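Chemist: Provided herewith is a single structure, encoded as structure tokens, for subsequent inquiry.
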Amino acid sequence: MTDIVAETARLRLRGWRARDRAEFVRRLNTPAVMRWLGGVQDEAFYVTAFDRIDGYQREFGHTLWIVERIADEALLGFCGLKRVNSPGAGALTREFEVGWRLREDAWGQGFAKEAAIASLDLAFDRFGAEHVVALTVAGNTDSQGLMHRLGMQRREDLDYTDPRFGPELNPTIIYRIDAAEWPAARAAAVA
Ligand SMILES: CC(C)(COP(=O)(O)OP(=O)(O)OC[C@H]1O[C@@H](n2cnc3c(N)ncnc32)[C@H](O)[C@@H]1OP(=O)(O)O)[C@@H](O)C(=O)NCCC(=O)NCCS
């Protein structure tokens, strides 16, 4: 069975293969990529993180998939769909959540937007989401820029404190888009 989930003009979203883990850490465990994610992390962090990613796929049939550039099959990072599971998330728990993380040399080229559009298409068309949220922190203006560009709405009423983190990484701030909003938002995002 193929592990390819979606293809866009330049990218492939696909399932994780065993060798992806080391390549992901090598390319993405950098101070810039991890700036708003708790900083560079150790091996134990990634063992847990990769187990969670595998678990989302098993439990929900979707996960934060590998983003691969079709032209050279380079691993650029991940993008995809999980469910909200952070401590403190309250009523948001188990809502569809879109997430992204790309290596630095792939930033600023529209790859994240391209992968995120494919992920939102999957959320609404294949997985039947009624709405999808995206989570970040106030300082992460790049991630918020992407949320805004995708037509997601800032929802201050859904913000929450994540007890795992200190003041720099709190509160978790929320953007959301509903299924009915996606066709027009998508058209604007690709324009
Ligand atoms: C967040 C991240 C994926 C964005 O990647 P990127 O390469 O900047 O994204 P793209 O090039 O696809 O840009 C997407 C859109 O967001 C907008 N955008 C990006 N950064 C922005 C910023 N700082 N301010 C305003 N808009 C911004 C751009 O307008 C762009 O749209 P356009 O190409 O139509 O103009 C990338 O910075 C990253 O991997 N960061 C580290 C990991 C991380 O923090 N993940 C998110 C955790 S919440």
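Read-outs throughout are calculated quantities, based only on the coordinates presented, and are distinct from any laboratory measurement. Model, not experiment: these values are computed from the prediction. All Cβ positions, glycine included, derive from the backbone under ideal geometry; neighbour counts span all protein chains shown.
Chemist: Under 7 Å between Cβ atoms, which residue pairs at least 6 apart in sequence (or on different chains) link something in segment 138-166 that is under 17 Å from Glu97 (Cα atoms) and of a type in the set (S, T, N, Q) with a partner that is more than 8 Å from the ligand (Cβ to nearest atom) and outside any loop (DSSP other than H, G, I, E, B)?
Modeler: Close Cβ pairs (under 7 Å, with a partner that is more than 8 Å from the ligand (Cβ to nearest atom) and outside any loop (DSSP other than H, G, I, E, B)) amount to Gln153/Tyr175; Gln153/Arg176; Gln153/Ile177.
Chemist: For residues that are surrounded by 13 or more Cβ atoms within 10 Å (Cβ to Cβ) and either without any contact (Cβ under 8 Å) to a residue 60 or more places away in the chain or basic (Lys, Arg) (or both), tally how many sit in segment 20-38.
Modeler: So the answer is 9.
Chemist: Filter segment 90-110 down to residues that are within 14 Å of the ligand (Cβ to nearest atom) and of a type in the set (A, V, I, L, M) and give me whichever is farthest from the chain's Cα centre (by Cα).
Modeler: That would be Ala106.
Chemist: May I pose another question? Can you find a residue in segment 168-189 that is in contact (Cβ under 8 Å) with a residue 40 or more places away in the chain, of a type in the set (A, V, I, L, M), in contact with a Pro (Cβ under 9 Å, 6 or more places away or on another chain) and within 15 Å of the ligand (Cβ to nearest atom)?
Modeler: no
Chemist: Moving on to the next point. With the requirement that a residue be aromatic (Phe, Trp, Tyr) and in a helix (DSSP H, G or I), what does segment 107-148 give you?
Modeler: Phe111, Phe124
Chemist: Moving to a separate point now. What number of residues in segment 74-96 are within 16 Å of Leu120 (Cα to Cα), out of contact with any Ser or Thr (no Cβ under 9 Å at 6 or more places or on another chain) and in a strand (DSSP E or B)?
Modeler: Within segment 74-96, residues that are within 16 Å of Leu120 (Cα to Cα), out of contact with any Ser or Thr (no Cβ under 9 Å at 6 or more places or on another chain) and in a strand (DSSP E or B) number 1.
Chemist: I need a count of the residues in segment 135-167 that are within 11 Å of the ligand (Cβ to nearest atom) and under 16 Å from Ala91 (Cβ atoms).
Modeler: The qualifying residues number 1.
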